[in-house]
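See below for the structure under consideration.
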Amino acid sequence: MRIVIVGGVAAGMSAASRARRFNPDAQIVVFDRGEYVSYGACGLPYVIGGEVEDFGDLVARTPEQMRARGISVRTQQEVTGVDARAATVTVLDREAGRTMTEPFDRLLLATGVSAVRPAWAQTDLGGVHVLRDIPDGQALEASVAGARRACIIGGGYIGLELAEALRARGLSVVLLERGPEVAGRMLDPQLQAQVREELERGGVDVRCGVTVEGLTGTGRVTGVQTDAGLVRADLVVVAVGVKPNVELARAAGVRLGKTGAVAVNARQETNVPGIYSAGDNTQSTHRVTRRSVHIPLGLPANRMGRVAGVNMAGGNARFPGVVGTGIFKTFELGVARTGLTQTEAEELGLNAVSVDVTSTDHAGYHASSRPIHVRLTGEKGTGRLLGAQLLGRNHLSVKRVDVVAALLGTRATAQDLFDADLAYAPPFSGVWDVLLVAADRLH
Ligand code: FAD
């Protein structure tokens, strides 16, 4: 049994490790076109911000360590073609400049996503960056050293994490967002302003409703041209979204879903026998709506990879789907969401209602207590929980989103949440945790 895996980060490496454990005799080969494998891309903003010392600290296992576990890892080798009938892949060795044909019995596409680069961002100007992998991070780090004014384009979570990181490095930061507010895709409009206010408290100049038209400079970037004038900048980060890497899938005759990512069943199998797909390049099923979604995040990528690894090695594992849980911090503010927002629920035609509770994360009288806001969304009539959004001034406090995330997977009601026997002591929560108060109001 020869298992070939394309992509050696979260999904690919989880699959390789799991397949190795499940089938000690299988030959497992991982190809990655990059130099680094098995690392936590989620940590990149924290290296830039100085909270993590070195990019190398993000690497979980080196290719040598993987080889010692019986997994052949081949870096700087790009898979450029798939012949599903012949069960072979074409591989370009980027260092040697030669092409090889490699056979497979099972093939996993774990090719991730690429940063979207609008036409104006497709430039050779120095100081213009995206952030997807370690080399991107190293290039950004090299630019930060000589820069004074940064302009971040995009108010999603990566843009917001980087805003804090670049402020920590002493740069002035302008953040441009085309939509009416930052964190627009994560939160209901009622909550978005709090995120912008936190950025402003941290010294970020946030400008929403602004469309970028181009970049200025010769050799090196000097500014960002927008429909609201020129923003001077010697460092620009483009963080306007991602697109799944599906070229190989397409070439192999693998079906894509409505989201544009690879369509798979719960075993991570594509429509082509023997070919699996997992991670950011792959869509999944939303457990609340039962619809196909493309939510490229770390835990689902690792989990899909694990499932694919077991199944490719002859086992039977199933991916349960996602509920759309996400979390980030910017300055002091923690932001988390799971399930559906009120806006998303309404767009899907659900009869949804939301309650808002502002309280404290710990017992109000305790010195560590900070404000927290919970917006809980449920279905009118049935009481079914649909989602939660949390904003907390102690950023760790919003991790309680996990309680709702766990319940959403079981189609629980607000009453079920209210009945949960949550942990309590004054330095952790109020006796009636803010989630319980919200559930009480919702049911
Ligand atoms: P990737 O990590 O993208 O890996 C795909 C690999 O495939 C790449 O190494 C690529 O070189 C390789 N590849 C692609 N095509 C080929 C080919 N043809 N031949 C050979 N190799 C190929 N998620 C969270 O849940 N929480 C966070 O806080 C968070 N923060 C993030 C911050 C940043 C800055 C970034 C960039 C991502 C963050 N993520 C976060 C997302 C998370 O990192 C991804 O969900 C995860 O890395 C996806 O893993 P993957 O294996 O599917 O894809």
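The values are calculated or read from the model by the stated rules, or taken from the named source; none is laboratory data. Just so we're clear, the structure is a prediction, and the values are computed from it rather than from any experiment. All Cβ positions, even for glycine, are placed from backbone atoms using ideal geometry, and neighbour counts span all protein chains on display.
When we screen Val231, Val204 for residues that are buried (at least 17 other Cβ atoms within 10 Å of the Cβ), away from the ligand (no atom under 16 Å from the Cβ), more than 19 Å from the chain's Cα centre (by Cα) and closer than 30 Å to Leu390 by Cβ, the only hit is Val204.
Taken residue by residue, region 405-417 has at least one member that is part of a strand (DSSP E or B) and at pLDDT 95 or above. Does Gly253 fit the bill of being surrounded by fewer than 21 Cβ atoms within 10 Å (Cβ to Cβ), over 30 Å from Leu107 (Cβ atoms) and of a type outside the set (Lys, Arg)? No. Please work out if Arg337 is modelled with pLDDT of 95 or more, within 23 Å of the chain's Cα centre (by Cα) and not in a strand (DSSP E or B). Spelling it out, it is not the case that Arg337 is modelled with pLDDT of 95 or more, within 23 Å of the chain's Cα centre (by Cα) and not in a strand (DSSP E or B). Looking only at residues in region 78-135 that are among the acidic types (Asp, Glu) and closer than 23 Å to Leu248 by Cα, the one that is modelled with the lowest pLDDT is Glu95. Residues in region 112-129 that are more than 9 Å from the ligand (Cβ to nearest atom), surrounded by 17 or more Cβ atoms within 10 Å (Cβ to Cβ) and closer than 29 Å to Arg74 by Cα: His129 alone. Can you spot a residue in region 364-375 that is at pLDDT 95 or above, out of contact with any strand residue (DSSP E or B) (no Cβ under 7 Å at 6 or more places or on another chain) and not β-branched (Val, Ile, Thr)? Within region 364-375 (the criterion being at pLDDT 95 or above, out of contact with any strand residue (DSSP E or B) (no Cβ under 7 Å at 6 or more places or on another chain) and not β-branched (Val, Ile, Thr)), the answer is no, since none of the residues qualifies. Look at (1) in a helix (DSSP H, G or I); (2) closer than 28 Å to Glu53 by Cβ and you find that Val173 fails only one, number (1).
If the condition is being surrounded by fewer than 19 Cβ atoms within 10 Å (Cβ to Cβ) and among the aliphatic types (A, V, I, L, M), then region 295-309 contributes Ile295, Leu297, Leu299. One residue stands out in region 130-157 among those that are under 21 Å from Val210 (Cβ atoms) and not in a loop (DSSP other than H, G, I, E, B): the one that is farthest from the chain's Cα centre (by Cα), namely Arg149. Taking Arg167 and the conditions (1) away from the ligand (no atom under 12 Å from the Cβ); (2) at positive phi, which numbered condition does it fall short on, given that it satisfies the others? Result: Arg167 passes all but (2). If you go through region 418-443 and keep only what is touching a residue at least 12 places away in the same chain (Cβ under 8 Å), under 25 Å from Glu379 (Cβ atoms) and outside any helix (DSSP H, G or I), you end up with Ala420, Leu422, Asp433, His443. Which members of region 297-319 meet the condition of being away from the ligand (no atom under 12 Å from the Cβ), in contact with a helix residue (DSSP H, G or I) (Cβ under 6 Å, 6 or more places away or on another chain) and farther than 17 Å from Gln27 by Cα? Answer for region 297-319, where residues must be away from the ligand (no atom under 12 Å from the Cβ), in contact with a helix residue (DSSP H, G or I) (Cβ under 6 Å, 6 or more places away or on another chain) and farther than 17 Å from Gln27 by Cα: Ala317, Phe319.
Taking region 1-111 and the strands (runs of 3 or more DSSP E) fully enclosed by it, the elements with 2 or more residues that are surrounded by 15 or more Cβ atoms within 10 Å (Cβ to Cβ) are at 2-6, 27-32, 71-75, 77-83, 88-93, 106-109.
Matching residues to (1) outside any strand (DSSP E or B); (2) among the aromatic types (Phe, Trp, Tyr); (3) under 18 Å from Val293 (Cα atoms):
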residue: Thr343; (1), (2), (3): yes, no, yes
residue: Gly349; (1), (2), (3): yes, no, yes
residue: Tyr365; (1), (2), (3): yes, yes, no
residue: Leu385; (1), (2), (3): no, no, no
residue: Leu396; (1), (2), (3): yes, no, no
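The number of residues in region 1-52 being of a type in the set (D, E, K, R) and within 7 Å of the ligand (Cβ to nearest atom) comes to 2.
Close Cβ contacts (under 8 Å, 6 or more residues apart or on different chains) running from residues in region 265-282 that are more than 12 Å from Asn302 (Cα to Cα) to residues that are hydroxyl-bearing (Ser, Thr, Tyr) and more than 16 Å from the ligand (Cβ to nearest atom) comprise Ala266/Thr285.
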